[in-house]
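This report refers to the structure that appears directly beneath it.
Bear in mind these aren't lab numbers, they're just calculated from the coordinates by the rules spelled out. All values reported here derive from a predicted model rather than from experimental measurement. For neighbour counting, all protein chains shown are included, and Cβ atoms are generated from backbone atoms with ideal geometry for every residue, glycine included.
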Amino acid sequence: MRLEDLDYELPEELIAQHPAARREDSRLLVVERASGALTDQRFADLDRWLEPGDVLALNETRVRPARLVVRRPSGGAVELLFVRPETEPARGERRWRVLAKPAKRAQPWTRLATDDGALELEVVAVGQAGERIVAVARGDLEATLATRGQIPLPPYIHRPPEPADRERYQTVYARVEGAVAAPTAGLHFTAAQLEALGAHGIESARLLLHVGPGTFRTVTAADPRAHVMDEEWFEVTRESAARLRAARERGGRIVAVGTTSVRALESACDANHGTLAAARGWTHKYILPPYRFQAADALLTNFHLPRTTLLLLVAAFAGEALLERAYAHAVAERYRFYSYGDAMLVV
């Protein structure tokens, strides 16, 4: 496929800067693969498109307040995004993989500290695209992030993070901290709606994929097959795998909530020779057309940026021509796009 076939023009005003006043007030575009039909709905009406026996696959990762501003000894500010902890070195240092901005101010052996000096870091290694490895020289990083860190809102949200973003940029079922971005398809659910779906016979199964910056990294290779995914941690438990398999055995569908849930499910299948079973570890799973899905029968997702791995995955699931038509419809009908935007259900 050609990436330019999935490019689209988007007016700036359609990029959502805040979530809907109430999560269930989001709009929902239903895309039917068999007929090609496009139906405009409210997210609150999702139950019309689900059946008793279906199971929602929910990614319960939680976004950490991973963005922190520190300073060089000269006083220059550096913004760090704490992606994930590294394996403990022999001498017992706690090291983290970060993205530095501007990266040129975070050269090897540079010391970086918070304004109050309670936390001091040392740059110990340099990677590509602004990546650095830092060691904690003094202080408690987790405590500092909890009190001084900011939720890392995407760059297309043109405002500083607000205190309310600490919770509204989380799904209501977020449990395990470790992501630097939310699995945004799940942001539309309220606890009451999930409870109502459960009463209607639509269960849920929890899984995990800690969303990293690589999920959103732009695909720049002329041939998208040459793109390499960053690794991310995933886990599908034995209980969740059994619940999802049972749904299919009784004629229900696995409804993946978000592209990250799809990648966790497909990674588990890959680890078990095509069978959906328990698995955990680091995954580089990259899905683009053509692809045969092993563990997703329907997909609930948001509207994604062009030239991203997320859009390629949805194209593989919906079909490129149908997805192109769906996005043109969403732009024409003034749907809200990206993390705090509206939703799409592909059935």
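Computed from backbone phi with θ = phi - 60° and the Karplus coefficients 6.51, -1.76 and 1.60, the 3J(HN,Hα) list for the range 49-61 is 10, 10, 10, x, x, 5, 10, 7, 9, 10, 8, 8, 5 Hz; x is used for glycine and proline.
Largest GNM mean-square fluctuation across Asn272, Asn302, Asn59, computed for the chain with C-alpha springs under 10 Å, falls on Asn272.
Once amide H atoms are placed 1.01 Å from N in the peptide plane, what residues at a sequence separation of 5 or more from Val124, or on another chain, have their amide H within under 5 Å of its amide H? Those qualifying (amide H under 5 Å, at least 5 residues apart or on another chain) are Trp109, Ile133, Val134, Ala135. In a reduced charge model with +1 at each Lys and Arg Cβ and -1 at each Asp and Glu Cβ, the chain shows a dipole moment near 800 debye about its Cα centre. Annotation: the antiparallel percentage among DSSP beta bridges lying fully within the chain is about 70. The range 67-148 has equivalent-ellipsoid semi-axes of 16, 16, 12 Å, by the square roots of 5 times the alpha carbon gyration tensor eigenvalues, sorted largest first. What is the local net charge at His227, summed over the other residues whose Cβ is closer than 13 Å to its Cβ (Lys, Arg +1; Asp, Glu -1)? Surrounding charge for His227 is +2.
Computed from point charges on the beta carbon alone (+1 for Lys and Arg, -1 for Asp and Glu), the dipole magnitude for the range 1-134 about its Cα centre is near 980 Debye.
Looking at Gly319, Ala279, Ala295, which one has the Cα that reaches farthest to the positive end of the dipole of the range 251-339 (charges on Cβ: Lys, Arg +1; Asp, Glu -1)? Going by the Cα projections, it comes out as Ala279. The eigenvalues of the Cα gyration tensor, multiplied by 5 and square-rooted, give the chain an equivalent ellipsoid with semi-axes of 35, 22, 20 Å from largest to smallest.
Only helices enter this figure: runs of n ≥ 4 DSSP H residues, each worth -39500 (n - 2.57), summed and divided by the residues of the chain, yield -6000 deg cm²/dmol at 222 nm to the nearest 500. Please give the Cα centre distance for the range 201-253 versus the range 38-110, rounded to the nearest Å. Value for the Cα centre distance between the two parts: 17 Å. For the range 220-237, take each phi angle, set θ = phi - 60°, evaluate the Karplus expression 6.51 cos²θ - 1.76 cosθ + 1.60, and give the result in whole Hz per residue in order, putting x for glycine and proline. For the range 220-237, the Karplus-derived couplings read 9, 5, 4, 9, x, 5, 7, 5, 10, 6, 5, 7, 9, 7, 9, 8, 10, 7 Hz, x marking Gly and Pro. Shown in residue order for the range 328-339 are the 3J(HN,Hα) couplings computed by the Karplus curve 6.51 cos²θ - 1.76 cosθ + 1.60 at θ = phi - 60°: 4, 5, 5, 5, 5, 8, 6, 5, 8, 9, 6, 3 Hz (x for Gly and Pro).
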